[in-house]
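Take a look at the structure below.
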Amino acid sequence: MGGPSRRGNAVLVAATYLTVLAVLVLPVLLVMVEALRTGIGAAWRSLLDPDALSAIRLTLLVTLVATIVNTAGGIMAAWLVTKYRFRGRGILVALIELPISVSPVIAGLVWLLLFGRQGWWGDWLDRHDIQIAFATPGILLATLFVTFPYVARTLMPFMEQQGREAEEAAFLLGAGFWRTLWRVTLPDARWALLSGILLTTARGIGEFGAVSVVSGHIPGLTETMPLHIETLYNGYQTVAAFTMAALLALIAMATVLLRSFLEHDFRKASS
Amino acid sequence: MSVQIRSLTRRAPNASRKMLDGVSLTIEDGAFVALVGPSGAGKTTLLRTIAGLDGPYEGTVLVDGRVLAGRPMRERRIGFVFQNYALFRHMTVARNISFGLDVLPRGERPDRGAIAARVAELLELIQLPTLGGAYPDQLSGGQRQRVALARALATKPGLLLLDEPFGALDPIVRRQIRRWLRGLHDQLGLTTVLVTHDHDEALEVADRLVVMQNGRVVQEAAAETLDAAPATPFVMEFLGEALEFPGQVAHGRFLPDDPNVLSFAVGAGDGPATAYLRPHEARLVAAGGAARAIPLTGGQGGLRRLAVALGTREVEILVLPERLGQVGTEGLGLDIGRARLFRDGAPLAGAPPVASGQELPRVTVG
């Protein structure tokens, strides 16, 4: 009576493992296999191509800046919506989550509409010789938009549960706003924060849609790693494409693994 | 430090409801005052306002004759202890205690040795000398409470504000800690304001009680005064179990509506009135009435709990066990001569707290 049978459980567990294997692990493995088909030497050489190096550099730069900016912005946003009740708070929470629900392509299009040559501020930018669309600033803006929610979203449940009392205690003991944030609120939320930062990084490295729209696909200049993979693949440079893909997958997996490792640690620490 | 509050009004955010409604209160230097009242009465709001937490208010709050709003916290010399302690979970006990000193501007901050010495001194004071390296999660509720107190005391405040500090503790620890707290108050020469919804706790630890209801101060007095001359029926009922007897004042006597309850002399004008008294203040008399006594379980302090069937209803009183032997259980009258009388929610002038002669009112049973 009551509760699933042991056998049913075993079937369920097996099915879950199979699904994960087929949907998540197999593609990554195939990418690796494909990259190494003509030997590790060819794969390595393909990474040393100037366009490939430029793509890696651009991706790392954009991801770094986006992560830093969105960590600061995410902390403030999460803090504001969880510690204060104000008019329009619900709308702000919905806005924070907007980039998750909106297609990245639309995010890219918005930036083009604003900063592209035919865009609203296109003329002005052109006259002042400022390049945003089809240049690094545009790619950065697109990445910023897409990765904004992650730090805020991972911090919000934690800060909600944290409440205001510890901060009020710090305030009454003479600590100012920044001191309280830096010495009381954030150290307490450090695991959630780290988790959010790693998610932002993983998402930023892999972003394709929004970046694709604003980048203009200029090899060696405005191609990030995901864009470069597409270019290589379309040019029948299979080994180079899969090698770059394998590298991208490895970086992403490393961040995600680090995150789950930290989360495990965090659970141990809090129990 | 003294606190003067003049017509303080606070509204709930996004609502017109007043959380505090024209509160005026003076707390003398060195006093130990308890703010008591049911939840939602505004006790915590008042305490937080004195501390300078939360937003704007109408009226004035003076601490030692000065307005604190806008002054840096370290100049205010206020220590605050939260209901759930609000310790910093990621810091050791020692770091928690030294926090108020660590965040002082460089010029005013004592050197490391001095801070360490102060922490050691406070750990000694809260009787946890060996727990400086522990984290709050490793402590019991009572220990956390004392750490929170030590943290509030580290910067040597003159005014200590405590928000339901014993709420989460078990009864034995509660009693120990409040006695210890009272000792600390006397020893350090503090002015202490304690919020509690537990009147027993307030009566035991504080010099004066401030009874609050619906954002107003209903009465402010020493414990004995509150009990002997409560300002409203609410104060009477809040401070302990109370029996209520509606009735009339006529020709200088209070005549209860219930049969078999003795009338008593009062110095008040004619009209309706309600008598309140504590269960142990009621007396059974063998005066030819028709009330019956039914022993119940649950006596206290050597007194026996009885249900007294008056004919119209039953009331529960506490009597000495011998008394039942003297008067029996049948044909009794109930003497409520020690009751406080109220009319329209205000005490009746001239109603004596102790009665002078009783007689059964002429009310027929049944």
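The values are calculated or read from the model by the stated rules, or taken from the named source; none is laboratory data. Model, not experiment: these values are computed from the prediction. So basically every Cβ, Gly included, is an ideal-geometry build from the backbone, and we count neighbours across all protein chains shown.
B:LEU162 - would you say it is away from every other protein chain (no Cβ under 12 Å) and in contact (Cβ under 8 Å) with a residue 40 or more places away in the chain? So B:LEU162 fits the description; yes. Pairs meeting the criteria (first residue in the range A:96-118 and closer than 14 Å to A:LEU140 by Cα, second residue buried (at least 20 other Cβ atoms within 10 Å of the Cβ) and of a type in the set (Phe, Trp, Tyr), beta carbons under 7 Å, at least 6 apart or on different chains) are A:ALA107/A:PHE145. For B:ALA222, the criteria (1) under 12 Å from the mean Cα position of the chain (by Cα); (2) outside the structural domain of B:THR44 (by TED's automatic domain parsing); (3) without any contact (Cβ under 8 Å) to a residue 24 or more places away in the chain hold in every case but one, which is (2). All conditions in (1) modelled with pLDDT under 90; (2) in contact with a Phe, Trp or Tyr (Cβ under 8 Å, 6 or more places away or on another chain); (3) under 30 Å from B:ALA154 (Cα atoms) hold for A:GLY216, with the sole exception of (3).
Determine if the range A:137-151 includes at least one residue that is touching a Phe, Trp or Tyr at 6+ places or on another chain (Cβ under 8 Å), closer than 30 Å to B:ARG71 by Cβ and not hydrophobic (A, V, I, L, M, F, W, C). Looking through the range A:137-151, none of the residues is touching a Phe, Trp or Tyr at 6+ places or on another chain (Cβ under 8 Å), closer than 30 Å to B:ARG71 by Cβ and not hydrophobic (A, V, I, L, M, F, W, C).
Listed by position, the helices (runs of 4 or more DSSP H) enclosed by the range B:1-105 that each have at least 3 residues that are in contact with a Phe, Trp or Tyr (Cβ under 9 Å, 6 or more places away or on another chain) are B:43-51, B:93-102.
Can you tell me which of B:ALA134, B:ALA94, B:ALA116 is more than 14 Å from chain A (Cβ to nearest Cβ), free of Cβ contacts under 8 Å to residues at least 40 places away in the same chain and closer than 30 Å to B:ASP170 by Cβ?
On the way: B:ALA134 fails: free of Cβ contacts under 8 Å to residues at least 40 places away in the same chain; B:ALA116 fails: closer than 30 Å to B:ASP170 by Cβ.
B:ALA94 is the lone residue from the list that is more than 14 Å from chain A (Cβ to nearest Cβ), free of Cβ contacts under 8 Å to residues at least 40 places away in the same chain and closer than 30 Å to B:ASP170 by Cβ.
Would you list the strands (runs of 3 or more DSSP E) that sit entirely within the range B:261-366 and hold 2 or more residues that are closer than 30 Å to B:GLN213 by Cα and either modelled with pLDDT of 85 or more or not assigned by TED's automatic domain parsing to the domain that holds B:PHE245 (or both)? Before you say what the answer is, go through the steps one by one.
On the way: elements: B:263-265, B:271-277, B:283-285, B:292-295, B:304-309, B:314-319, B:333-335, B:340-343.
In the range B:261-366, B:271-277, B:314-319, B:340-343 are the strands (runs of 3 or more DSSP E) which contain 2 or more residues that are closer than 30 Å to B:GLN213 by Cα and either modelled with pLDDT of 85 or more or not assigned by TED's automatic domain parsing to the domain that holds B:PHE245 (or both).
In the condition set (1) crowded, with 17+ Cβ neighbours inside 10 Å; (2) more than 14 Å from chain B (Cβ to nearest Cβ); (3) at pLDDT below 95, A:GLN162 is compliant with all but (2).
Helices (runs of 4 or more DSSP H) fully within the range A:190-234 that include at least 1 residues being of a type in the set (Gly, Ala, Ser): A:190-206, A:209-215.
Could you please find all residues in the range B:214-227 being surrounded by 18 or more Cβ atoms within 10 Å (Cβ to Cβ) and not aliphatic (A, V, I, L, M)? Listed by number, the residues that qualify are B:GLY215, B:GLN219, B:GLU220, B:ASP227.
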